[in-house]
Amino acid sequence: MKQIIYILLATTMLGLMSCSDWLDVSPKTSIPTDKQFESESGFKDALTGIYLKLGTQTLYAGDLTYAYLDELAGLYSDYPGYNTNVVFNQSIVFDYENMFLSKKNGIYSTMYNVIANINNFLEYVDKNKDVLVTEHYYETMKGEALGLRAFLHFDLLRMFGPIYQEHPTSKAIPYRTTFDKDATPVLTANEVVNAILRDLNDAKKLLEENDPLDFFTNQTSEDFTEKNHFLVNREFRMNLYAVKAMLARVYCYKGDTESKELAVEYAKQVIAASRYFALYKSQTASSYNSIRYAEQIFGITVNEFSNLLISNYMDMENTNTQQHFYLDGDKFNSFYETANAGNTDWRRNTEMFEVVDEGNQTNVFCRKYNQKPLNSGYTYFGANAVPLIRLPEMYYIVAECATSASESADALNTVRFARGISYSDEIPTIGYDDLDNTSEENKNQTKRINEIMKEYRKEYFAEGQLFYFLKAHNYSTYYGCGVETMTEAHYQMTLPDDEYIFGNNSK
C-alpha cells in the first residue's frame, strides 16, 4: 500500500497543472501545489483537471463503460486483443490474478490517483478558502469534490467489494480522505457505504443553496457571453441532482427497508426535475441521439474521443471482429427481445447498432459513441460526452425499491413506452415478486428483478452499468457469462497484493 501511495502522490503532484496543460498529452510544465491554489483560476484548473482524468481508456472512456465492465457482463462475443490464435473463452475475463491482473490493478491505482487529486484539492479548498471570492465558488467546488470522491469510491466498492447483500461486513476497500502517504485500513463494505453517504450528504448541503443548475447551455446563444462559463453545463459537473442520483444509487445498493424508501425518495426528486431532464420519447433518423444527451444527469467530456475509440477497439466505422468489440446476432436478438416486445424498441435501431451479415454469421457493432451525428451544425448534441448517470436509472431504482408492485411496474413501463415498446407489451404485475419460473436465463430471481435487469442491458449497453446490477443481485448465471455458475470470486475483483501487505487486510 505504501508503494502504491508514493506512486499516487508523485503522479498527483505532476498532475496539478494549468488547464491547457491538462489537455496536453505530454505536458511540458507543472505548477507546484502551493502556487496552484493561490488563485481562483488555479482552483478552477485543478478541478477541471480532475474531471479530465476520468476520461481515459483505463477509466470512464474505456474499461469502466463500454469495454471491460461490459465484457464482464457478457455483452460481447469476443474480447479484441485477448484472442490470439485460440477460440475466445469468456471465462478468462474473470481471471483477475493472471490474464487481467494488469488491467484490474490499473483500474484500482488510477481510481485512487484521482481520489488523491480530489483529497489534495479538498485540503486546499479549506486552507485557501479566502482566495475564492466569487459568490458560490467555495461551496460549489467543495460540493463537487466531495460528490466525486463518493462517486469513485462507490464504483471501487462495486468492483472490489463483496456481494453486499450477502456479506455487508466483509472487508472491501480503503476510503481515502487525506492527501498523504499513510496506509489506510481496508474497511468493511458497510463502513465504506457509510463513508460514501457522509460525503454525499455533505455535498448535498453545500450544493442545495449554491449550485446554479445551469444545464445544457447553448454556447452560441446571445446571453452565453454574459454567463460565468465555469458554472454552466452542469451536466458535466457533480451537480446537485447528480448527488441526489448518487444517493438513490447508494441507498438502493444498501437495500434495507429504510434505505429503499430513501432511494425511491431521491430518485423521484431527480425525476421531478423535468425542467432539466426528460426521457426521450421518440427517435427518428433526423433526431436520433445515441447517448440520449438530454437525459444526462452527470457525465464527462473526452478530448479527441473518436481517436481514443479507434485505439480501444471501438472504431465507429470498423467491422473487423478482431479489432472491435462486437456481439453475434443471436445475442443481439435475445438481449433486445426482437421476436417479442422489442420489435418496436428504437434502442436497437441502425444509429445505435450496425448489423453486418457475413455468410452464415451475423455480427453486431455498437455505434452509441459515433461522434458524427452528435455534433451537427451549430447545435451541440453531446459530442465527446460519456454519460455516467442518466435519467432512466432513476426509474429503474424506483422499480427495484418500491414496495408496491404496481408502482414498480409503472416506473419500468414508463421507460419502455418512451423507448417505443407498445402499450400492449407492458410488464404485468401478476406474479411480479415471485420467482421467475418462465425465465430462460435465470429462474432464481423474481420476475421484477429479471425485468429490471433486461432493461439495464438494453438501456445501458456500452455504459458499464449492467455488471454492477448482476453482482448486486448475485445472479448465478446470465447470458454470456461464460461459466456454469457465477460465484463471489467471479464478481469480486481482488485487491492488489500491496493492499494485503500494507492495508491492514492481512489480519
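The values are calculated or read from the model by the stated rules, or taken from the named source; none is laboratory data. These numbers were taken from a predicted model, which means no experiment stands behind them. Here the Cβ positions follow ideal geometry from the backbone for every residue, glycine too, while neighbour counts run over all protein chains shown. Ligands, DNA and RNA are stripped out before the accessible areas are found, and what is left, the full protein with its side chains, is counted by its heavy atoms. Shrake-Rupley method; radii C 1.70, N 1.55, O 1.52, S 1.80 Å.
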Please give the per residue volume of the convex hull enclosing the alpha carbon atoms of region 287-332, rounded to a whole number of Å³.
132
Taking protein heavy atoms only, a 1.4 Å probe, and rounding to whole percent, the accessible area of the chain owed to carbon and sulfur comes out at 48
Dipole-positive endmost among Y326, Y96, F215 within the chain (Cβ charges, Cα centre)
F215
Under the Karplus relation 6.51 cos²θ - 1.76 cosθ + 1.60, θ = phi - 60°, what is the ordered set of whole-Hz ³J(HN,Hα) values for region 420-433, x standing for Gly and Pro?
x, 6, 5, 4, 6, 9, 5, 7, x, 9, 5, x, 4, 10
For a quick check: with amide H placed at 1.01 Å from N, whose amide H comes under 5 Å from R390's, ignoring anything fewer than 5 positions away on the same chain?
I297
How big is D, in µm² s⁻¹, for region 340-470 by Stokes-Einstein at 20 °C and 1.002 mPa s if Rh is the Kirkwood radius over C-alpha pairs?
130
Output wanted: per-residue J couplings in Hz (rounded whole) for region 228-241, from phi through Karplus 6.51 cos²θ - 1.76 cosθ + 1.60, θ = phi - 60°, x for Gly and Pro.
7, 5, 6, 10, 9, 6, 5, 5, 9, 10, 6, 7, 4, 6
For the chain, give the magnitude of the charge dipole about the Cα centre (Cβ charges: +1 Lys/Arg, -1 Asp/Glu; no others), in debye to the nearest 20.
380
Near A472, within a Cβ-to-Cβ distance under 11 Å, what is the net charge of the other residues, with Lys and Arg +1 and Asp and Glu -1?
+2
Based solely on its DSSP helices, what 222 nm [θ] is calculated for the chain when runs of n ≥ 4 H residues each add -39,500 (n - 2.57) and the sum is averaged over all residues, nearest 500 deg cm²/dmol?
-13000 deg cm²/dmol
When you have a sec, figure out the Kirkwood radius of region 301-412 from all distinct Cα pair distances and drop it here in Å to one decimal?
16.4
Could you point to the residue in G161, L197, A145 farthest towards the positive end of region 140-223's charge dipole, with +1 and -1 charges on the Cβ of Lys/Arg and Asp/Glu respectively?
G161
Does region 192-287 come out rounded, prolate or oblate, given a ≥ b ≥ c as the square roots of the eigenvalues of its C-alpha gyration tensor, rounded meaning a/c under 1.5 and, failing that, prolate meaning a/b above b/c?
oblate
For L146, what is the net charge nearby, where nearby means another residue's Cβ is under 11 Å from its Cβ and Lys, Arg count +1, Asp, Glu -1?
+1
What's the local net charge at Y423, with K and R +1, D and E -1, over the other residues with C-beta under 15 Å away?
-1
Ranked highest first by average number of other Cβ atoms within 10 Å, how do 326-334, 156-164 line up?
156-164, 326-334
Here, region 38-193 modelled as identical Cα point scatterers in vacuum has Debye log10 I(q)/I(0) at q = 0.11 Å⁻¹ of -0.54
Per residue Cα convex hull volume for region 257-314, in cubic angstrom?
159
Take the residue pairs K35/K181; K171/K454; K171/K471; K104/K372 and return only those whose Cα atoms are more than 27 Å apart.
K171/K454; K104/K372
Dividing the alpha-carbon radius of gyration of region 120-272 by 2.2 N^0.38 Å, where N counts its residues, gives 1.16
Any chance you could check the Cα centroid distance between region 318-387 and region 276-306 for me, in angstrom?
15
To the nearest 20 Debye, how big is the dipole of region 348-507 about its Cα centre, given +1 on the beta carbon of each Lys and Arg and -1 on that of each Asp and Glu?
420
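Given Cβ point charges of +1 (Lys, Arg) and -1 (Asp, Glu) and nothing else, what value in debye, to the nearest 20, does the dipole of region 84-198 about its Cα centre take?
So the magnitude is around 180 debye.
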Please list 455-461, 247-253, 277-283, 391-397 highest first by mean number of surrounding beta-carbon atoms within 10 Å per residue.
391-397, 247-253, 455-461, 277-283
Positive-pole candidate from V356, N228, S39, dipole of the chain, charges at beta carbon:
S39
Compactness relative to 2.2 N^0.38 Å, alpha carbon Rg of the chain
0.94
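When you count, for each residue, the other Cβ atoms within 10 Å and take the mean per peptide, how do 190-197, 99-106 rank with the highest first?
190-197, 99-106
What translational D, rounded to a whole number of µm²/s, comes out for region 233-368 from Stokes-Einstein when the hydrodynamic radius is the Kirkwood one over Cα pairs, at 4 °C and 1.567 mPa s?
The estimated diffusion coefficient comes to 73 µm²/s.
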On a C-alpha basis, how far is the centre of region 147-206 from the centre of region 394-438 in Å? Whole number, if you could?
31
Roll a 1.4 Å probe over the protein chains and send me the accessible area per residue for the chain in Å².
40
Give me a comma-separated list of calculated 3J(HN,Hα) values for region 306-322, in order, Karplus coefficients 6.51, -1.76, 1.60 applied at θ = phi - 60°, integers in Hz, x for any Gly or Pro.
4, 5, 5, 4, 4, 6, 10, 6, 9, 4, 5, 10, 9, 10, 8, 5, 7
